[in-house]
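Notes follow the structure.
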Amino acid sequence: MLATAAGIQTIDPQLLLAARSMGATLSQRLVRVIIPAAIPTVLSGLRVGGALVIVGVVVSEMLISSAGIGYLISRYRTILDSPHVFAGVLLVLAMAIAFNAAIKWIERKAAIWQTGSRAGQRAADEITAGAIQPAT
């Protein structure tokens, strides 16, 4: 929620003024200006928050649950079964990496809103991949 609020607050007021002067209604400004401009900040907040949520759920399962990955890690730790403990930790790590990859994929798909065209999207992908160094 904080990332969403920050994303909305960082929108250039000139964009909103231009949309309003062209006669855009509130819903049109929301869909065509506010959401596309706030998407990058929202997705970065989702990436950070999502990883913390995964860890938080596992820790809470370790403390008070009778089922789940955290419970299994805690149970196997108690009986000193290290391979199962490491397997549980690796499973949590795999979940966090998969979540991060999914959000990055969504960010790349949403980047077309930032660049405005498919050619601009390819250029943005190349810069992100390190193929082209942006001019300084």
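The values are calculated or read from the model by the stated rules, or taken from the named source; none is laboratory data. None of these values were measured; they are calculated from a predicted model. Neighbour counts run over all protein chains shown; Cβ positions are idealised from the backbone, glycine included.
General observations
- Region 17-89 holds helices (runs of 4 or more DSSP H) entirely within its bounds, and those carrying 1 or more residues that are closer than 25 Å to residue 107 by Cα map to 26-29, 35-64.
- Checked against the criterion of being under 24 Å from the mean Cα position of the chain (by Cα) and either more than 30 Å from residue 20 (Cβ to Cβ) or exposed (fewer than 14 other Cβ atoms within 10 Å of the Cβ) (or both), the candidates 69, 39 yield just one match: 69.
- Considering region 66-89, the residues that are of a type in the set (A, V, I, L, M, F, W, C) and more than 12 Å from residue 55 (Cα to Cα) include one that is modelled with the lowest pLDDT, namely 67.
- Selection status of residue 11, free of Cβ contacts under 8 Å to residues at least 60 places away in the same chain and in a helix (DSSP H, G or I): no
Yes or no, residue by residue, for (1) surrounded by 12 or more Cβ atoms within 10 Å (Cβ to Cβ); (2) touching a residue at least 24 places away in the same chain (Cβ under 8 Å); (3) among the aromatic types (Phe, Trp, Tyr):
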| site | (1), (2), (3) |
| --- | --- |
| 60 | yes, no, no |
| 73 | yes, no, no |
| 79 | no, no, no |
| 88 | yes, no, no |
| 96 | yes, yes, no |
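- Scan of region 21-46 for residues that are modelled with pLDDT of 85 or more and among the charged types (D, E, K, R), ordered by number: 29
- The listed residue being surrounded by fewer than 16 Cβ atoms within 10 Å (Cβ to Cβ) and among the small types (Gly, Ala, Ser), out of 5, 19, 24: 5
- Screening residue 54 on (1) in contact (Cβ under 8 Å) with a residue 24 or more places away in the chain; (2) surrounded by fewer than 13 Cβ atoms within 10 Å (Cβ to Cβ) shows it passes everything except condition (2).
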